[in-house]
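A short worksheet on the structure shown next.
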Amino acid sequence: MSRLSWIKTALEVGVVTKKYPFERVEVPDGFRGLPIFDSGKCIGCTACANVCTPDAIKVVNDFTNGFRRIEYRLGKCIFCGRCADVCPVSAITITKEFELAYTGDVINAIEIKFIKCVQCGQYYTVSRHLKHVSSKLNDEALEGVDICPDCRRRSNINSLIHASGVFR
Amino acid sequence: MRSNIILGRGDLEVIEMLNKYLIDKIVGIRNVGDGKLIIDVKPNNLVDVVNVVTDKLGGIFVTIVGNDARSIDNSFHNIYVFSLDSLKTYLLIRVKLDPESPKINSITHIVKGADWGEREVRDLLGINMVNHPDPRRLILPDGWPEGINPLKKEFAHSIRPELNNSECYVPLRSDDVVALPYGPYHPLLHEPEYFELHIKGETVVGVEYRGFHVHRGIEKLGESRLTYNQVPFVAERICGICGFVHNVCYCQAIENAAKIEVPERAHYIRSIILEIERLHSHLLWLGVACHILGFDTGFMHAWRIREPIMNLAEALTGNRKNYGLNLVGGVRRDINKDSSARISKLLKDIKHEYDRFISSLTAVKEVIRRLEGSGLLPKPEAISYGVVGPVARGSALKRDVRVDHPYAAYKDVSFKVPTYSECDNMSRLMVRVDEVYESISIIEQLIDRLPGGSILAENAEVPEYREGFSGIEAPRGEDFHYVLTGRFSKVYRWRVRAPTYNNIPALKVMLHEVPLSDAPLTIASIDPCFSCTDRLLVFDVDKGKKFKVSYKALASGWKP
Ligand code: SF4
Ligand code: SF4
């Protein structure tokens, strides 16, 4: 093999460098790019925020104004796609978008209304999540889902005391 | 099923040997898996035990794991990891140290490779290494306040202590030796590391290494903020080239600790991606080696051949790097039929291109002459430093974790472990050249035999306070992760030892008395990965003098 073989190879292979960004570069299916959140589908369950390694998804509970905000920060995202894996309602889609360089911080937020406890009137969970969970429960288990954990505990204790007959 | 009772491979033999030589020194013994033994010894017996392990059992030093276990059994632990290659066993020697003023005899005079590990635990855990030859810090910066040890549990991961104006490092100054800075920013070093080459005329007579400029405290982060399944995503960011090895290694360590049975198919997929990573990494290195030798044509072609491998990784995992593939218990993505066919075809193309590349490369005499006979690392030194990967195999040391401590699907494939005995830069190059062929063959075998079934263990639970560890043959050599599980789905201790950590100290030998022009190539011959390592070598140069200057003075424009 002589060193002329380098020239032969070069001639055979030709130019391989792409003129990116003037020429588009296609990424394959299954590429993990920008995650997009569907605010219509999201039920505010916070599963995505729990698995997100870099804390790109943050949950803000605003009990005064009555909503939960799921915030997504592009600048922190490592495009692992774990959030889409765990979302119970497939509200997150991993897209092929990868040209995301930006000097500022991009925050997308979904706001979901809290629901009030029918007994004490305090906000206690997000309505959509409650609906989602309720749709999976039978009638018996559904009893008391519209009251907050505090009130439920209180009424449970009350009924226990009642049943024990101590205060008859 | 791997269990505590079943002894595998060389275990019985090892236990026999331990019985014979160390029976009176061992206070506890535990088998944490196939070929994985942990023995407890009294601190004052450590030096004797290490002597026996290296002399009689053929142990090669791997690393030291320091652990602040005061909240568990009111002591600090130092675990000395040795690989008994021929017995296919990892032997961990644990000493428990005083919780108030932990101290232990240094073993650096027996195994040179322990130098860094000992200084690291001294820096990060405040364990006093009695009789250690080098009093300087390894990891903590010069201005870091005395007495603050970041891996102690009371130190919160978010704390940034005020650095003081302590004296900071200045290059050597002497009349007949010139200190030539190579780094921390240098066109041929792609990461910030500092080599100070001491040269007499044209010859390198000594080298001083200062690293850990990009120490990111990843172990601390994993121990304090992340849950079991979040760590893999950070682990693979330890390295920009071979991150997947850290990712697999961590998961295997947890799986070992929790005795999780990983589906066969997941093992195969891990091995396939590991070999794909080796392919692209070795081609990257071959390109860089050409570039350093001024042969940019070779560099361009190596990287051209590498590109389809990157595309393949992207198609299989969703990204060129940072594959995000592993979770504890398996993998997240399957390889379908189409992909298997694509892989097979691509491997054929690459083999063809690579053949042509290698025969053209070896025809360039200038390249070969530069490589031959430079950067010598004799075998005994290689053993004492515990070097790993192509650096070890280029010094006639036949060690490869895939064979010595099989993991994932490597027990099911056959492949050669190329070794060369010239111990020079050429040897190390040839090891990598041959390994590319082996990797191609391994992937072909794995694709052929890919078993069916699930890819992720169901309901994998991780119990509290269990130990596990794992080694992996990364492109640069043995990667080692140790974990001790903790509470609330978090690791209590996660120790990472990247391959380059064991290879850099041996540069002291490789660079001795080489012409200056060979130094960059020799440094590159270990395929250093500094980010991984970050996680000093001294030469007695005759009449060498050192000066110190304060940080303040430097900041206000101090000049020599
Ligand atoms: S893709 Fe990963 S990093 Fe990004 S938001 Fe989802 S879970 Fe977080
Ligand atoms: S996991 Fe899905 S449904 Fe739950 S908060 Fe995230 S986006 Fe919304």
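The values are calculated or read from the model by the stated rules, or taken from the named source; none is laboratory data. Remember, it's a predicted structure, so these values are computed and weren't measured experimentally. Positions of Cβ are backbone-derived with ideal geometry, glycine not excepted, and every protein chain shown enters the neighbour counts. The accessibility values were calculated without ligands, DNA or RNA, using every heavy atom of the protein model including side chains. Shrake-Rupley method; radii C 1.70, N 1.55, O 1.52, S 1.80 Å.
Things to note:
- Subset of region B:112-122 [acidic (D, E) and either open to solvent by 10 Å² or more (accessible area, probe 1.4 Å) or at pLDDT below 90 (or both)]: B:D115
- Subset of region B:229-277 (residues that are of a type in the set (F, W, Y), under 21 Å from B:Y492 (Cβ atoms) and surrounded by 24 or more Cβ atoms within 10 Å (Cβ to Cβ)): B:Y250
- Matching option when the condition is at pLDDT 90 or above, away from chain B (no Cβ under 14 Å) and under 29 Å from B:K490 (Cβ atoms), among A:C83, A:C42: A:C42
- Of the helices (runs of 4 or more DSSP H) lying entirely inside region B:489-560, the ones with 1 or more residues being modelled with pLDDT of 60 or more and touching a strand residue (DSSP E or B) at 6+ places or on another chain (Cβ under 9 Å) are found at B:499-503, B:507-510, B:519-525, B:530-533.
- First in region A:28-42 and farther than 8 Å from A:A91 by Cβ and away from ligand 2 (no atom under 16 Å from the Cβ), second anywhere and basic (K, R) and in a loop (DSSP other than H, G, I, E, B), Cβ under 6 Å, 6 or more apart: A:F31/A:K96; A:G33/A:K96
- Matching residues in region A:55-80 - criterion: being away from ligand 2 (no atom under 13 Å from the Cβ) and within 14 Å of another protein chain (Cβ to nearest Cβ): A:D55, A:K76, A:C77, A:I78, A:F79, A:C80
- Lone qualifier among B:Y420, B:Y437 - being in a loop (DSSP other than H, G, I, E, B) and hydroxyl-bearing (S, T, Y): B:Y420
- All positions within region A:81-99 that are open to solvent by 40 Å² or more (accessible area, probe 1.4 Å) and more than 14 Å from ligand 2 (Cβ to nearest atom): A:K96, A:E97, A:F98, A:E99
- Residues of region A:86-101 that are within 14 Å of another protein chain (Cβ to nearest Cβ) and out of contact with any Lys or Arg (no Cβ under 7 Å at 6 or more places or on another chain): A:V86, A:T93, A:T95, A:K96, A:E97, A:F98, A:L100.
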